[in-house]
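Okay, structure first, notes after.
The values are calculated or read from the model by the stated rules, or taken from the named source; none is laboratory data. Only a predicted model underlies this, so the values are computations on that prediction, with no experimental measurement involved. Backbone-built Cβ (ideal geometry, glycine too); neighbour counts: all protein chains shown.
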Amino acid sequence: MQSPTVANYLNSPTGWKSWLFTLDHKRIGIMYLAAIMTFFAVGGVLALIIRLQLLSPHGTLVSANTYNQLFTLHGAIMIFLFIIPSIPASLGNFVLPQMLGAKDVAFPRLNLASWYVYVFGSLFALYSIVAGAVDTGWTFYTPYSTTTNTSVVSMTLGVFILGFSSIFTGLNFIVTIHKLRLPGMTWFDMPLFVWGLYATAIIQVLATPVLGITLVLLILERTMGIGIFDPAMGGDPVLYQHFFWFYSHPAVYIMILPGMAIISELVAAFTHKKIFGYKAIAFSSLAIAFISFLVWGHHMFTSGQSELAAMMFSFLTFLVAIPSGIKVFNWVATMYKGRISLETPMLYTLSFLFLFSIGGLTGIFLGALGVDVHLHSTYFIVAHFHYVMMGGTVMAFLGGLHYWWPKMFGKMYSEFWGRIATILVFIGFNVTFFTQFILGAKGMPRRYYNYLDQYQPLHAFSSYGSWILGLGFLIMFIYLIHSLFKGKKAPGNPWGALTLEWTNSSPPPTENFETTPVLTHGPYAYDTVVADRG
Amino acid sequence: MMDTTGTLFLPPGQSTIAPEVDSLFNFILYAGTIFFMVVVGLMIYFVIKYRRRGADEVTPDIAHNTKLEIIWTVVPTLLVMVVFYWGFHIYLKMHVPPKDAFEVKVTGQKWFWSFDYPGGGNGVNELVVPAGKPVKLLLSSKDVIHSFYVPDFRIKMDVLPNRYTVTWFDAPNPGVYNLFCSEYCGTSHSKMIGTVKVLGEREFAAWQESSSNAGAGMTPETYGEQLYTARACATCHKVDGSQSTGPSWKGIYGHPVKLADGSQVTVDENYIRESVLVPGAKVVAGYQNVMPTYQGILNSKQIDALVAYIKSLK
């Protein structure tokens with residue numbers, strides 16, 4: 001427990017009202033963290049049930065309709081309730097103002113509002129599970145989604161509302177980064193985490209409204225039959241796919257850019273070395289954010305779109321791959337002649353580099369038109385986006401969570417169990433999902449309740465992997481919660497890192513810093529400065 | 001040479017386009033593996049070599065290397081441009097059917113495929129085509145979006161309700177190949193599986209002959225039993241008394257059933273005929289109104305055979 005003599009943001013002020021009405025970005029970050037970790041656990045359990053059903057080709061653990069609802073909910077929860085808000089709204093909220101030397105974000109009330117909007121939207125999404133679930137897949141493709149008798153309206157309304165919380169957070173970060181940097185901190189003095197969140201925020205603000213409009217059109221189509229996606233009334237179901245991916249492809253970068261942003265911090269902190277190619281990493285984030293708006297058609301190479309459109313989208317898709325590759329090279333180059341320590345956050349970083357490289361390289365298969373035709377809508381896609389989203393973003397998120405955990409709660413978790421869990425997660429992940437590359441290339445379509453016998457061994461292997469993965473996460477949840485009560489007291493700067501949030505105490509005071517911090521060195525000045533650990 | 005055994009990743013290639021797709025797939029696989037080995041190899045090497053031993057010290061300032069950065073930008077860019085052009089080249093071939101192709105109209109609906117042949121014949125869930133001849137498919141859907149996917153041919157094309165899409169293949173080797181629906185379409189999406197039967201010249205001619213007088217020489221019951229699977233009734237109706245997407249056929253003939261609106265009807269010839277042609281007219285209580293009409297897919301002789309088959313299921 002906290003020593004009662006030291007006031008920090010966790011213990012002052014006290015009382016439940018001080019949390020529910022708090023304007024402190026750190027508390028809001030913690031509230032987001034609690035919510036998204038809950039949904040991560042729920043989505044994970046759904047995934048385990050899905051893998052259990054797929055253990056045998058004619059499995060009947062759940063019914064076909066239930067299975068269809070399970071993979072829809074798994075996708076919708078993981079994407080909209082977990083990954084999209086995960087890094088920006090929890091870790092970003094907590095860390096970003098501290099990194100800039102600010103007392104809070106630019107609009108604290110908007111920040112709190114975004115949390116309430118998030119909770120409200122989540123309740124809508126949860127209501128749709130109770131009220132008959134949704135069986136459309138997380139993409140809600142028309143005309144299936146306009147004709148199925150499940151509660152598509154409440155689910156899409158939930159996602160529509162969640163969009164606002166995402167926009168609020170993005171807007172808040174953009175203004176905060178522009179206006180609240182410590183005097184003397186130029187754009188190139190900012191940690192790369194901030195650059196990554198800036199690029200993310202731009203996409204959040206510009207792309208999310210399109211999803212909102214699309215979902216409103218879908219709701220109007222279902223409730224009033226306006227016919228925009230209905231061929232019988234002159235509408236076009238493929239138009240829905242264009243609208244949907246116009247948001248949802250940039251959304252992929254809403255998910256991965258913050259992950260990359262964390263990795264830049266972790267690589268520098270745990271190699272104790274100045275980041276290689278600071279500007280290349282910063283600008284590649286912006287390049288990715290920009291090009292990400294122009295590649296949506298690569299989700300639709302088999303939809304009958306024109307060959308010319310397919311060619312353009314394929315070309316632009318390969319362009320967007322380059323900045324991601326450059327980042328990976330920069331991170332690896334940073335490790336050269338560093339002093340590399342392998343605590344849990346670094347193990348997650350190495351996992352990220354390994355898994356995200358596979359995720360990125362398998363994207364090349366899918367960007368190549370002639371090959372994508374074969375791989376589209378198979379398990380190859382499923383494996384690819386899990387390598388990017390889970391192998392990429394989730395590994396980075398967990399790395400960041402372990403990195404900033406001592407700062408957030410003033411407690412150290414068990415390093416031993418932290419490493420064990422990371423290794424289990426890494427092994428389990430590869431067993432589960434690498435298998436699915438082979439399954440997909442062999443022709444196994446996704447979203448199948450039952451499948452042909454020839455795919456059974458690979459499916460079973462993938463399911464075994466999910467158990468290892470599940471065990472890793474279970475251990476992680478246990479030691480993290482345990483550390484809150486029994487963890488050793490964390491020093492202000494356990495990793496010897498150089499960004500500003502490590503100059504205050506752990507947990508930080510309510511105002512972030514006792515005195516206004518002074519910028520004496522850059523975020524990665526490991527060539528000149530050695531910070532005290534502790 | 002055509003690879004008919006498959007590799008660790010790929011299934012056997014059984015169309016003329018398959019070897020081209022596989023060449024590009026393998027090129028990306030090998031080039032990607034080399035890149036991966038270099039990146040991860042260096043990462044592991046650095047972790048071992050530069051492992052932190054002892055207290056923190058300052059580390060060298062190595063933040064730029066223009067030559068290196070140009071190399072790792074330009075080389076991957078050139079490589080992906082090669083992949084881009086190669087992939088587009090294959091894609092165009094997939095999208096331009098030869099002029100003399102054998103043309104089949106393909107209809108997707110929940111949850112089966114039906115095929116209309118040039119001579120006027122039709123079939124369900126089994127596409128029969130001649131070997132070594134280009135086959136052009138004109139695809140459309142009666143309800144939601146489906147996708148026509150034959151892994152061994154490396155072709156896939158979405159099947160839309162409001163327009164025709166086109167794909168084609170040329171399968172040189174006689175055989176039976178799996179056909180999947182690869183766009184999620186609801187409850188029995190994973191049962192929307194058919195086959196493509198590629199026949200040699202003589203066998204194909206014989207098949208065309210026999211398909212025009214199908215059912216000849218069979219009792220109505222046997223013909224009905226054959227249609228039960230051939231026309232995909234089996235996807236949703238079982239004949240052993242167990243429930244599926246639709247009610248089981250076992251022992252229903254001559255017995256009353258309760259309908260969704262609370263009324264009751266006796267299962268007789270007319271009820272069966274109506275349920276085949278206008279499935280939504282009288283839906284059995286406890287089931288959803290999801291069956292598509294078989295108008296135009298089954299002729300009256302075939303409906304008679306199905307009635308006879310249902311009668312025989314006591």
Checklist entry - In region A:237-259, how many residues are among the β-branched types (Val, Ile, Thr) and either outside any helix (DSSP H, G or I) or touching a Leu at 6+ places or on another chain (Cβ under 8 Å) (or both)? => result 1
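Just to verify a result, which residue in region B:54-72, among those that are in a helix (DSSP H, G or I) and surrounded by fewer than 17 Cβ atoms within 10 Å (Cβ to Cβ), is nearest to the chain's Cα centre (by Cα)?
Per the stated criteria, the residue is B:Ile71.
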Checklist entry - If A:Tyr144 satisfies every condition in (1) surrounded by 18 or more Cβ atoms within 10 Å (Cβ to Cβ); (2) in contact with a Phe, Trp or Tyr (Cβ under 9 Å, 6 or more places away or on another chain); (3) away from chain B (no Cβ under 14 Å) but one, which is the exception? => result (3)
Item to check | One residue from A:Thr66, A:Thr38, A:Thr60 being outside any helix (DSSP H, G or I) and surrounded by fewer than 21 Cβ atoms within 10 Å (Cβ to Cβ) | outcome: A:Thr60
Checklist outcome for this item: Of the residues in region B:23-46 that are more than 36 Å from the chain's Cα centre (by Cα) and surrounded by 18 or more Cβ atoms within 10 Å (Cβ to Cβ), the one that is farthest from A:Lys273 (Cα to Cα) is B:Val39
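Condition test on A:Ser314, is it more than 13 Å from every other protein chain (Cβ to nearest Cβ) and buried (at least 23 other Cβ atoms within 10 Å of the Cβ)? Before the answer, list the steps.
Details: more than 13 Å from every other protein chain (Cβ to nearest Cβ): no; buried (at least 23 other Cβ atoms within 10 Å of the Cβ): yes.
Taking the combined requirement at face value, the residue does not satisfy it.
Can we say A:Tyr449 is at pLDDT 95 or above, out of contact with any strand residue (DSSP E or B) (no Cβ under 7 Å at 6 or more places or on another chain) and within 12 Å of another protein chain (Cβ to nearest Cβ)?
Working: at pLDDT 95 or above: yes; out of contact with any strand residue (DSSP E or B) (no Cβ under 7 Å at 6 or more places or on another chain): yes; within 12 Å of another protein chain (Cβ to nearest Cβ): yes.
When the stated conditions are applied, A:Tyr449 passes them.
Okay, residues lined up against (1) in a helix (DSSP H, G or I); (2) under 25 Å from the mean Cα position of the chain (by Cα):
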site: A:Gly170; (1), (2): yes, yes
site: A:Thr176; (1), (2): yes, yes
site: A:Gly196; (1), (2): yes, yes
site: A:Ile213; (1), (2): yes, yes
site: A:Val216; (1), (2): yes, yes
site: A:Arg222; (1), (2): yes, no
site: A:Ile226; (1), (2): no, no
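Somewhere in region A:6-19, is a residue in a loop (DSSP other than H, G, I, E, B) and in contact with a helix residue (DSSP H, G or I) (Cβ under 8 Å, 6 or more places away or on another chain)?
Just the residues of region A:6-19 that are in a loop (DSSP other than H, G, I, E, B), to begin with: A:6-15.
Those still in the list that are in contact with a helix residue (DSSP H, G or I) (Cβ under 8 Å, 6 or more places away or on another chain) too: A:9-10.
Yes, because at least one residue in region A:6-19 is in a loop (DSSP other than H, G, I, E, B) and in contact with a helix residue (DSSP H, G or I) (Cβ under 8 Å, 6 or more places away or on another chain).
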Next on the checklist: If the requirement is being out of contact with any strand residue (DSSP E or B) (no Cβ under 8 Å at 6 or more places or on another chain) and either of a type in the set (Gly, Ala, Ser) or surrounded by fewer than 18 Cβ atoms within 10 Å (Cβ to Cβ) (or both), which of these qualifies: A:Val159, A:Val175, A:Val210?
Outcome noted: A:Val175
Checklist outcome for this item: By residue number, the members of region B:89-133 that are among the aromatic types (Phe, Trp, Tyr) and in a loop (DSSP other than H, G, I, E, B) are B:Trp111, B:Tyr117
Item to check | Cross-chain or 6+ apart pairs with Cβ under 7 Å, region A:109-120 first and of a type in the set (D, E, K, R), then not in a helix (DSSP H, G or I) | outcome: A:Arg109/A:Leu23
Checklist entry - Just checking, how many residues over region A:357-373 are more than 7 Å from every other protein chain (Cβ to nearest Cβ) and either part of a loop (DSSP other than H, G, I, E, B) or within 21 Å of the chain's Cα centre (by Cα) (or both)? => result 4
Checklist outcome for this item: Note on A:Tyr240: of the conditions (1) surrounded by fewer than 22 Cβ atoms within 10 Å (Cβ to Cβ); (2) touching a residue at least 12 places away in the same chain (Cβ under 8 Å); (3) farther than 26 Å from A:Gly325 by Cα; (4) not polar (S, T, N, Q), unmet is (1)
Checklist entry - If B:Trp72 passes every condition in (1) facing chain A (nearest Cβ under 7 Å); (2) touching a residue at least 60 places away in the same chain (Cβ under 8 Å); (3) under 30 Å from B:Ile34 (Cβ atoms) but one, which one does it miss? => result (2)
Next on the checklist: Report every pair of residues separated by at least 6 positions or lying on different chains whose Cβ atoms are under 6 Å apart, first residue within region A:521-534 and facing chain B (nearest Cβ under 8 Å) and loosely packed, with under 15 Cβ neighbours inside 10 Å, second small (Gly, Ala, Ser) and in a loop (DSSP other than H, G, I, E, B).
Outcome noted: A:Arg533/A:Gly496
